[in-house]
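The values are calculated or read from the model by the stated rules, or taken from the named source; none is laboratory data. Since we're looking at a predicted model, the values are computed, not measured. So basically every Cβ, Gly included, is an ideal-geometry build from the backbone, and we count neighbours across all protein chains shown.
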Amino acid sequence: MSGFAPGALVPGQTYTRPQLRKMAGVTGTRGGDFDTGYARVGEQWVIFANLGASRTGHDYHNRFVDDGLEWFGKTRSSPSDRPIAAMTSGATVHLFTRDADRDPWMYAGTVVPARPPSGSNPVKVVWRVVADSDDSIVPSAGELLPDESEFVEGAMRQVLVDQYERNPAARRACIAHWGARCYCCDLSLCELYGEVANGFIHVHHVRKISTRGQAYKVDPVRDLRPLCPNCHAIVPLHEPPTDVDELRSVLRDRLTGGPLA
């Protein structure tokens with residue numbers, strides 16, 4: 001098993017187990033370690049967390065709480081078990097969740113423990129999703145290309161940044177209310193690109209998380225909007241960022257042949 005390539009998984013996108021097995025380079029018949037709830041894939045780990053009852057009637061009790069996903073390991077698992085110890089000690093861990101037993105798996109992102117695992121039986125871990133910030137990096141209007149005939153990329157460097165946590169449950173609630181269609185331009189990526197883009201949409205915070213300075217209780221309907229990647233990239237090009245309702249009005253006028261704002 002080789003593991004997932006960097007950037008291969010998209011937070012909020014849904015995947016079937018066969019798709020994930022192929023993407024991760026998992027070979028062999030179904031029913032192996034990859035299909036048992038959590039497993040090592042190369043140097044990475046994956047967690048498949050049911051949020052409801054399974055076909056066996058087992059209630060997993062996994063649920064989203066204020067600081068992440070409250071998740072339980074296998075029966076009689078403990079913090080000292082090798083998989084639990086590895087996942088909570090700095091390994092790359094990919095989290096997938098689903099609300100119903102036969103639903104596809106939604107990728108929540110990479111996770112880290114919000115606090116040390118409990119000594120309960122089975123072991124309980126609260127996983128915190130590590131997500132990218134809202135900010136886009138764009139060149140200034142006067143930025144010039146360097147006077148070079150060759151451009152070298154790929155050198156490794158360490159970058160320390162502040163990251164702001166996202167709640168996957170809030171994302172799902174936003175899409176459940178507004179739909180997987182861009183709030184500003186009304187684009188459905190699935191209609192444009194086909195089944196591969198089914199359900200794919202960015203979720204935008206109306207007010208940037210980085211301006212709040214602290215954790216806050218998000219309202220998925222009031223505070224979040226689904227945006228296509230294009231509109232999501234345009235919003236932060238101005239400072240302060242363009243209001244989504246203003247951009248929506250401009251685009252609706254343009255698309256209907258009306259005046260431009």
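Could you list, in sequence order, the residues of the range 15-29 that are at pLDDT below 85 and under 20 Å from the mean Cα position of the chain (by Cα)?
Of the residues in the range 15-29, the ones at pLDDT below 85 are 26-29.
Across the range 15-29, there are no qualifying residues.
How many residues does the range 88-122 contain that are more than 14 Å from Asn62 (Cα to Cα) and of a type in the set (Lys, Arg)?
Final tally of qualifying residues: 2.
Those residues that are assigned to a loop (DSSP other than H, G, I, E, B) and either touching an Asp or Glu at 6+ places or on another chain (Cβ under 8 Å) or among the basic types (Lys, Arg) (or both), I need them from the range 216-251; list them, please. Working first, answer last.
First, the residues of the range 216-251 that are assigned to a loop (DSSP other than H, G, I, E, B): 216-223, 228, 238-243.
Lys217, Arg222 - these are the residues of the range 216-251 that are assigned to a loop (DSSP other than H, G, I, E, B) and either touching an Asp or Glu at 6+ places or on another chain (Cβ under 8 Å) or among the basic types (Lys, Arg) (or both).
Do we have Ala86 as of a type outside the set (Phe, Trp, Tyr), surrounded by fewer than 17 Cβ atoms within 10 Å (Cβ to Cβ) and part of a loop (DSSP other than H, G, I, E, B) here?
Numbers: of a type outside the set (Phe, Trp, Tyr): yes; surrounded by fewer than 17 Cβ atoms within 10 Å (Cβ to Cβ): yes; part of a loop (DSSP other than H, G, I, E, B): no.
Spelling it out, it is not the case that Ala86 is of a type outside the set (Phe, Trp, Tyr), surrounded by fewer than 17 Cβ atoms within 10 Å (Cβ to Cβ) and part of a loop (DSSP other than H, G, I, E, B).
Does the range 58-71 contain any residue that is surrounded by 19 or more Cβ atoms within 10 Å (Cβ to Cβ), outside any loop (DSSP other than H, G, I, E, B) and modelled with pLDDT of 90 or more?
yes
Those residues that are at pLDDT below 85 and under 9 Å from Phe72 (Cβ atoms), I need them from the range 116-135; list them, please.
Ser120
When both residues are 6+ apart or on different chains and their Cβ atoms are under 9 Å apart, which pairs have a first residue that lies in the range 39-50 and is charged (D, E, K, R), and a second that is in a strand (DSSP E or B)?
Listed by first residue and then by second, the contacts come to Arg40/Val46; Glu43/Thr92.
Given the options Asn167, Asn198, name the one that is modelled with pLDDT under 90 and over 15 Å from Pro220 (Cα atoms). Spell out how you get there, then give the answer.
On the way: Asn167 fails: over 15 Å from Pro220 (Cα atoms).
Going through Asn167, Asn198 in turn, the sole match is Asn198.
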